[in-house]
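Student: Got a structure for you, written out below as structure tokens; questions coming shortly.
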Amino acid sequence: MFKKTRIQELLGLEYPIFQGGMAWVANADLAAAVSNGGGLGVIAAGNMPPELLDREIKRAKSMTDRPFAVNIMLMSPTAEAAIEVVAENRVPVVTTGAGSPGKVIERLKPLGTIIIPVIASVAHAKRVEKQGADAVVAEGTEAGGHIGELTTMVLVPQVADAVSIPVVAAGGIADGRGVVAAFALGAEGVQVGTRFVCAVESPAHEAYKRMIIEATDRSTVVTGRTTGHPVRCIKNKLTRRFEEMEAAGVSLEELEALGAGKLRAAVTDGDVEWGSVMAGQSAGLVKKVQPAAEIIKELFSDAERILRGLENRLE
Ligand code: TUI
């Protein structure tokens, strides 16, 4: 077995693994299944109305006694309301994404909330450490959804060198090999998104799960670079239309209108042709739908086996 990392000590986790805070996918059912499996389950506030977030937090509490987190998507118009719902419910851990978490830290740190921002650069990691973050998730561009520029391979070791708080690696990790690689790069934990979309307990539509399972190495594409908000999705009619419109130089408003509501259409209604099928490059590594607890066990038993194999390569 692995020695406990600072991330496990900080959060009281059996395994050093977070579930990604994926909008519309990361609900109470998935979060509770991951937490009950020994990882950190995460409810994504996304664009949820505050009443719905409140309901999901209470539902998660009824399904698990273990710690779970809420992810606050900072670009969302509902972010401020989400901070208040998290405060009222005394959620023990918050992860943030897609922006600067200053307000989250200011409001929630005095309540004792553990705050773990997702960052995509060394500068941002240093800034949040100074602001009082307890750890960071360093997310490479292999990840799904809204992404930064740097790969996990180069981001994680540079962030690990630059900060003294624990680093969790994200982006491209979907199996035991990825876990070992993340630890080799200086991470003390991993965050996994795409593989948990395909958990039995994930509410994603069957068609969404099937699209991930059928994906290969080059199935994803990044659109929206011209808007300043690049997003990685599985290629479909929507991403092709997006590429055409970006090439034609249409306005930001038109591009935003094309994207509006499309993630929910894919996740909830299963519209995988015209919906936004956000997924990481690791989709090509995801082979089946499995219970979340089984995914976690498999990742870490494979990681252990791989490490022992590596040790045998030493003279
Ligand atoms: O946030 C994510 N992934 C997401 S959010 C999302 S919802 C969405 N839908 C449509 C368009 C855009 C978003 C889907 N996937 N991951 C965490 C993440 N954070 N990745 C990159 C960043 C990030 C980027 C810039 C964090 C901070 C930042 O700048 C901070 C600053 O102020 O310098």
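Student: Mind listing whichever residues of the stretch 272-315 are assigned to a helix (DSSP H, G or I), in contact with a helix residue (DSSP H, G or I) (Cβ under 8 Å, 6 or more places away or on another chain) and within 16 Å of the ligand (Cβ to nearest atom)?
Tutor: Ser282, Ala283
Student: Looking at (1) modelled with pLDDT of 95 or more; (2) under 23 Å from Met153 (Cα atoms); (3) surrounded by 15 or more Cβ atoms within 10 Å (Cβ to Cβ), can you tell me which one Ala199 breaks?
Tutor: Unmet for Ala199, out of (1) modelled with pLDDT of 95 or more; (2) under 23 Å from Met153 (Cα atoms); (3) surrounded by 15 or more Cβ atoms within 10 Å (Cβ to Cβ): (2).
Student: Could you tell me whether Glu142 is buried (at least 18 other Cβ atoms within 10 Å of the Cβ) and among the acidic types (Asp, Glu)?
Tutor: Yes: the conditions hold for Glu142.
Student: Within the group Pro166, Pro157, which residue is buried (at least 18 other Cβ atoms within 10 Å of the Cβ), of a type outside the set (Lys, Arg) and modelled with pLDDT of 95 or more?
Tutor: The conditions single out Pro166.
Student: Something else now. Give just the number: which of (1) more than 18 Å from the chain's Cα centre (by Cα); (2) more than 16 Å from the ligand (Cβ to nearest atom) does Pro77 not satisfy?
Tutor: (2)
Student: So Gly102 ticks every box in (1) touching a residue at least 24 places away in the same chain (Cβ under 8 Å); (2) more than 15 Å from Ile115 (Cα to Cα); (3) surrounded by fewer than 18 Cβ atoms within 10 Å (Cβ to Cβ) but one. Which box is left unticked?
Tutor: For Gly102, the failing item is (2).
Student: Anything in the stretch 1-31 that is within 16 Å of the ligand (Cβ to nearest atom) and not in a loop (DSSP other than H, G, I, E, B)? List them, or say none.
Tutor: Listed by number, the residues that qualify are Phe18, Gln19, Leu30.
Student: Only one of these conditions is not met by Val86: (1) buried (at least 24 other Cβ atoms within 10 Å of the Cβ); (2) within 16 Å of the ligand (Cβ to nearest atom). Which number is it?
Tutor: (2)
Student: Next question. Hey, among Val70, Val34, Val91, Val42, which residue is buried (at least 20 other Cβ atoms within 10 Å of the Cβ) and in a helix (DSSP H, G or I)?
Tutor: Result: Val34 is the single residue among Val70, Val34, Val91, Val42 that is buried (at least 20 other Cβ atoms within 10 Å of the Cβ) and in a helix (DSSP H, G or I).
Student: Still on this structure, I have one more. Are there helices (runs of 4 or more DSSP H) fully within the stretch 113-202 with at least 3 residues that are within 14 Å of the ligand (Cβ to nearest atom) and closer than 24 Å to Thr227 by Cα? List them.
Tutor: 122-131
Student: Under 7 Å between Cβ atoms, which residue pairs at least 6 apart in sequence (or on different chains) link something in the stretch 240-254 that is within 9 Å of Thr223 (Cβ to Cβ) and in contact (Cβ under 8 Å) with a residue 40 or more places away in the chain with a partner that is aromatic (Phe, Trp, Tyr) and surrounded by fewer than 15 Cβ atoms within 10 Å (Cβ to Cβ)?
Tutor: As it stands, the answer is none, since no pair meets every condition given.
The values are calculated or read from the model by the stated rules, or taken from the named source; none is laboratory data. Source: prediction; values computed, not measured. Virtual Cβ from ideal backbone geometry, glycine too; neighbours counted across all protein chains shown.
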